[in-house]
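Since every read-out is calculated from the coordinates, none of them should be taken as a lab result. Model, not experiment: these values are computed from the prediction. Note that each Cβ is placed from the backbone with ideal geometry, even for glycine, and that neighbours are counted across all protein chains shown.
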Amino acid sequence: MLIAMAWLLLGTYCGPSVADETTLKVGVREVPPFVIRTVEGDYDGITIRLWRELASELDLKYEFVETDLKGLLDGLRDGTLDVAAAALTVTPQREKYMDFSHPFYSAGLGIAVVQRPATIWSAARAIFSWRFIQALGALMLVLFVVGLIIWIIERRANSSQFGGRAHEGIGSGFWWSAVTMTTVGYGDKAPVTAWGRAVAIVWMFVSVITVSGFTAAIASTFTVQQLESRIQGPNDLVGLAVATVEKSTSAEYLVAQRIQARYYATPLDAIRAVKDQQVEAAVYDAPIMRYLLAREYHERIEVLPQEFARQDYAIGLAAGSPLREAINQTLLRHINRPVWEETLFHFLGT
């Protein structure tokens, strides 16, 4: 009797067995790269591979039930589903009526926009922008000052090159300073006095810095002009029509930020709306959109580098599920194994 009681206590201490004859209803929703429907009609993806490992180690019997996001959440709420294995993110609202495993992947929301390559019109706008005119004006002023100095020094001793009336001599000095700065070196005008040559030597070295600064100013002008026509972050979405998926965390974010949202059935539909210029941008989970764009529209649409509103992906469980503790322990062991890193690299490339 004592031996039987000790054996029972030992079994309880080592952890409950979660394996039984019950076949779990595991809700799935096709959201690559977390859940992917294969050509054979089966499922693959980050979450699917994780769930198969968990179920194998815990000796769980299950069957997949495909549904949409609303079906996943409602199924866990009303008990028609036992588990949700998809791209399901943890939120305080969902935690009220369901349980989550520990997160197995963390990322953030991203913004998909149309790539806007430089055009002749955008280049013309940059050239005639106020920043460009300011840089050009500053350069002309420097050339004029140097030309005026060389004219004052050379106008008597070198009248053949810098002589004549004031406007003619200053014009010659301006021409010489421009030729010297650009290192064209026509040689038609050159200072002959000691002071004039001293100014020329100084101007040669200063010209190197001046040209570099002017080039940087021009490049900055073109870059700023290009960026001004594009969305750079979530703050630029206010007042714009933005695509997202209904009932998603990205939809909740847009509503909270009072950003006009248009709802689509899938993230791929939201991206297509951007491509077709129905909306200015799409907001959804960044890794999902990057995965989709790597296979479609990669030359037309891009996901901005900035991620925001952290998203923790986890296995969804019915409230009070007895599987939670066993799944959490097994999950933490699995995501620290090399095979998990290989899975992430296979689907995400990083």
Distance (nanometres) between label positions extended 7 Å along Cα→Cβ at Ile152 and Thr38: 8.4 nm
Sorted peptide list for 280-289, 207-216, 71-80, 308-317, criterion being average Cβ within 10 angstrom, highest first: 280-289, 308-317, 71-80, 207-216
Separation between Cα centres of the range 32-65 and the range 131-145, rounded to whole Å: 65 Å
Residue-by-residue Karplus 3J(HN,Hα) for the range 37-52, coefficients 6.51, -1.76, 1.60, Hz, glycine and proline x: 8, 7, 5, 7, x, 8, 10, 8, x, 4, 5, 5, 5, 5, 5, 4
Amide H partners (placed H, <5 Å) of Tyr62, local residues excluded: Leu24
The range 21-75, relative contact order [Cα under 8 Å, separation at least 6], %: 49 percent
Residue-count net charge about Ala190 - beta-carbon cut-off 12 Å; Lys, Arg +1, Asp, Glu -1: 0
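Given N residues in the range 248-350, what is its alpha carbon radius of gyration divided by 2.2 N^0.38 Å? Before the final figure, lay out the partial values.
Working: Rg = 17.0 Å, N = 103, 2.2 N^0.38 = 12.8 Å.
Normalised by 2.2 N^0.38 Å, the Cα Rg of the range 248-350 equals 1.32.
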